[in-house]
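Trainee: I'd like to ask you about the structure that follows.
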Amino acid sequence: MNTHLLTNARIVTPTENFIGTVEIENGIITSVLKDKYYAEGIDLKEQWLIPGCIDIHTDYLEKELYPRASAAFPLPFALHFMDARAAACGITTVFSAVSFSDNEGKNRSITSALELSKQIDETRHSLLVRHFLHARIDPNSNGILEYLDQLRTLESLYLVVYNDQVPGQRQFTMEQQIEMRVKGLGITVEEAEKLLIEKAERLKNINNRKQIEEAFKDKYIIGSHDDTTIEHVEEGKFYGATLSEMPTTLAAARKAKELGLWVCLGAPNYYRGGSHCGNLSCWEAMDEDLVDVLCSDYHFPTMLASVVKMIGDGISPSKAVNMVSLNAAKLLNFDTEIGSIEVGKKADIVVFDNEKSFASVSHVFVDGIYKYHADYLHGVKPLQAEKKAEWDVLNTGL
């Protein structure tokens, strides 16, 4: 069934929030009614009702595939449980970041990434939520060029991001990368430094952004990852980027906004109060209104948790919700169909309670179809064994 009457909900639209009712017919939102209650509807008891989150960048699939570096799981298994977790976290559209680069230390290669992407294409329509590919393409690799035509055949590919691999240029400084190599490879500082300098010299003169842009500019969204300098942003813009994803400095974020690019930062950064690796703080960027979109990055639950926190921090519910839904939909050109609670749009809807410092999701609809339900209101009754243990403790005390 994809026809429902959701009533007594705190509805968040792009510009306001109120108690009311949302009617869904054949998977489409047909009415949004303020101050209307229907006894025959699903009583949501004033829980928040918002559009499903649109996550434009998550590394979560990689964590399901390789929960440990030497422990691999098959894609259908990993994708099934990633999908269930996304629904439980209120995410109805997921862009899985797949890295098209060769990195044995992270179980990455261009050929394995292509095979993984083809498998996602084959299974994506049998899952709970919408799934797309976010291709992180290494422009410093000549090896990627022979695969561009094959990438264009992927049905689920819609977002392509330049993911520069020159050591010391972006997310991690040369000093940080040396430290990581020392710990990861068990080598000396001098050996790590020599290895990285050689790699930087080898890669810095390779730049295939033009070829990548030509392959994808006709129907794909192009972005630039981990912009650190003004020059990085300008280069991305020059080669077709409309998105600056995870800028690592305030200067880069400012330049991106100046040039009209969308800016995305990680929800974990906002929720935790800073970057896990010491880069640009989401709070600092938001103070200057430089952030358009929050993505899960590496942690699904923080998308809705950040909405809860933003509202608690005094940000309007509409602005907070738009940062995890409508703004991403606009970036992707999906906003005529999804991304907001408005008549005529697909009923991708999430209902949650925020009594705690995070979101407890109770209902998820995709295309108006009931995909997830959880009841946190009634708790769990204790087992008889638990009761007996309590009595044993009391009797021992006597």
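Trainee: Tell me, what is the per residue accessible area of the stretch 170-296 in Å², probe radius 1.4 Å?
Mentor: 48 Å²
Trainee: A further question follows. Given the DSSP H assignment, sum -39500 (n - 2.57) over each helix run of at least 4 residues in the chain and divide by its residue total; what's the result at 222 nm in deg cm²/dmol, nearest 500?
Mentor: -10000 deg cm²/dmol
Trainee: Same structure, new question: With charges set only on the Cβ (+1 for Lys and Arg, -1 for Asp and Glu), what does the dipole of the chain come to about its Cα centre, in debye to the nearest 20? Don't skip to the answer; put the middle values down first.
Mentor: Values: 40 positive and 57 negative charges, 74 e Å.
The calculated dipole for the chain is roughly 360 debye.
Trainee: So, one more: ³J(HN,Hα) across the stretch 5-15 via Karplus (A = 6.51, B = -1.76, C = 1.60, θ = phi - 60°), whole Hz, x for Gly/Pro?
Mentor: Working through the residues one at a time gives 10, 9, 10, 6, 10, 8, 8, 10, 9, x, 10 Hz.
Trainee: Would you work out what percent of the accessible area of the stretch 295-384, with all protein chains in place, is carbon or sulfur (probe 1.4 Å)?
Mentor: About 53 percent, which is the carbon plus sulfur part of the accessible surface.
Trainee: Under 5 Å between amide hydrogens, which residues at least 5 positions from Tyr372 or on another chain qualify, with H placed 1.01 Å from N in the peptide plane?
Mentor: Those qualifying (amide H under 5 Å, at least 5 residues apart or on another chain) are Val364.
Trainee: With only alpha-carbon pairs counted, each pair once and no self-pairs, how large is the Kirkwood hydrodynamic radius of the stretch 25-157 in angstroms?
Mentor: Numbers: mean 1/r = 0.0586 Å⁻¹.
Computed over Cα pairs of the stretch 25-157, the Kirkwood hydrodynamic radius comes out at 17.1 Å.
Trainee: Calculate the dipole size of the stretch 216-367 relative to its Cα centre from +1 charges on Lys and Arg beta carbons and -1 charges on Asp and Glu beta carbons; express the result in debye to the nearest 20.
Mentor: For this selection, approximately 160 debye.
Trainee: Would you tell me the accessible area of Arg272, worked out with a 1.4 angstrom probe on the heavy atoms of the protein chains, in Å² to the nearest 10?
Mentor: 150 Å²
Trainee: Let me ask something else about it. Computing the accessible area with a 1.4 Å probe over protein heavy atoms, can you report the carbon and sulfur percentage for the stretch 16-137?
Mentor: 50 percent
Trainee: I would also like to ask the following. Please label the shape of the stretch 247-398 as rounded, prolate or oblate, based on the square roots a ≥ b ≥ c of the eigenvalues of the alpha-carbon gyration tensor (a/c under 1.5 means rounded; beyond that, a/b larger than b/c means prolate, else oblate).
Mentor: Working: a/c = 3.47, a/b = 1.70, b/c = 2.05.
It comes out oblate by the Cα gyration axes.
Trainee: Kindly express, to the nearest 10 degrees and within the range 0 to 90, the angle between helix 174-185's C-alpha long axis and the longest C-alpha principal axis of the chain.
Mentor: 80 degrees
Trainee: Here's something else I'd like to know. Give the accessible area for Lys34 in Å² (nearest 10); use a 1.4 Å probe, count only protein heavy atoms, and leave out ligands, DNA and RNA.
Mentor: Its accessible surface works out to 100 Å², give or take rounding.
Trainee: Compute the separation of the alpha-carbon centres of the stretch 109-165 and the stretch 340-388 and state it in Å as a whole number.
Mentor: If we compute the Cα centre of each part, the gap is 32 Å.
Trainee: Sequence-distant or interchain residues sharing an amide H contact under 5 Å with Ile28, placed H: which?
Mentor: Hits under the 5 Å cutoff: Ala347.
Trainee: Still on this structure: List, in order, the whole-Hz ³J(HN,Hα) value for each residue of the stretch 224-230 obtained from phi through the Karplus relation with A = 6.51, B = -1.76, C = 1.60 and θ = phi - 60°; use x for Gly and Pro.
Mentor: In residue order, the calculated couplings are 10, 9, 6, 4, 10, 10, 4 Hz.
Trainee: Follow-up question, since we're still on this one. Between the DSSP loop rule and a limit of at most 16 other Cβ atoms within 10 Å, which chymotrypsin sites (Phe, Trp or Tyr not before Pro) in the stretch 1-94 are left? Intermediate results must be reported in sequence, preceding the final value.
Mentor: Values: sites: Phe18, Tyr37, Tyr38, Trp48, Tyr60, Phe77, Phe81; in loops: Tyr37, Tyr38.
When the chymotrypsin sites (Phe, Trp or Tyr not before Pro) of the stretch 1-94 are filtered for loop state and at most 16 Cβ neighbours within 10 Å, Tyr37, Tyr38 remain.
Trainee: OK, next. Which whole-number percentage describes the relative contact order of the chain, with Cα contacts under 8 Å and a sequence gap of 6 or more?
Mentor: Values: 819 pairs, mean separation 77.6, N = 398.
It comes to 19 percent, rounded to a whole number.
Trainee: Quick one: 3J(HN,Hα) in Hz for the stretch 141-157, Karplus 6.51/-1.76/1.60 with θ = phi - 60°, rounded, Gly and Pro as x.
Mentor: Once θ is set to phi - 60°, the couplings for the stretch 141-157 become 10, 6, x, 5, 4, 6, 9, 4, 5, 5, 4, 5, 7, 6, 5, 8, 7 Hz.
Trainee: Taking the alpha-carbon distance from Lys217 and a cut-off under 25 Å, which lysines remain once sequence neighbours fewer than 8 residues away in the same chain are dropped?
Mentor: Lys118, Lys204, Lys237, Lys255, Lys257, Lys330
Trainee: Quick check: from the Cα gyration tensor, does the stretch 122-172 come out rounded (a/c under 1.5), prolate or oblate?
Mentor: Oblate shape, in that a/c is at least 1.5 and b/c is the bigger or equal ratio.
Trainee: Skip the ligands, DNA and RNA, and give the accessible area per residue of the stretch 3-51 with a 1.4 Å probe, whole Å².
Mentor: 46 Å²
Trainee: If you average the C-alpha positions of the stretch 282-325 and of the stretch 220-247 separately, how far apart do those two centres end up, in angstrom?
Mentor: Each part reduced to its Cα centre gives a spacing of 21 Å.
Trainee: Right, another one. Which lysines, on any chain, are close to Lys34 with Cα under 17 Å apart, when same-chain ones fewer than 8 places away are left out?
Mentor: Of all the lysines, those that pass the test against Lys34 - Cα under 17 Å, at least 8 places apart if same chain - are Lys45.
Trainee: Quote the relative contact order of the stretch 1-83 in percent (integer), defining contacts as alpha-carbon pairs under 8 Å separated by 6+ residues. Intermediate results must be reported in sequence, preceding the final value.
Mentor: Details: 128 pairs, mean separation 21.0, N = 83.
So the answer I get is 25 percent.
Trainee: Something else now. With the cut-off at 1.5 for a/c, could you classify the stretch 219-326 from its C-alpha gyration tensor as rounded, prolate or oblate?
Mentor: The shape class here is prolate.
Trainee: Could you list which residues have their amide H under 5 Å from that of Leu154, counting only those 5 or more apart in sequence or on another chain, with H placed in the peptide plane?
Mentor: When sequence neighbours closer than 5 places are left aside, there are no close amide H contacts.
Trainee: Okay, moving on. If I fit a long axis through the Cα atoms of helix 302-312 and take the longest principal axis of the Cα atoms of the chain, what angle between them do I get, 0 to 90°, rounded to 10?
Mentor: 60 degrees
The values are calculated or read from the model by the stated rules, or taken from the named source; none is laboratory data. Since the model is a prediction, treat every value here as computed from it, not as a measurement. FYI the Cβ positions are ideal-geometry reconstructions off the backbone, even for glycines, and counts take in every protein chain you see. These accessible areas exclude ligands, DNA and RNA; they are computed on the full protein's heavy atoms, side chains included. Shrake-Rupley method; radii C 1.70, N 1.55, O 1.52, S 1.80 Å.
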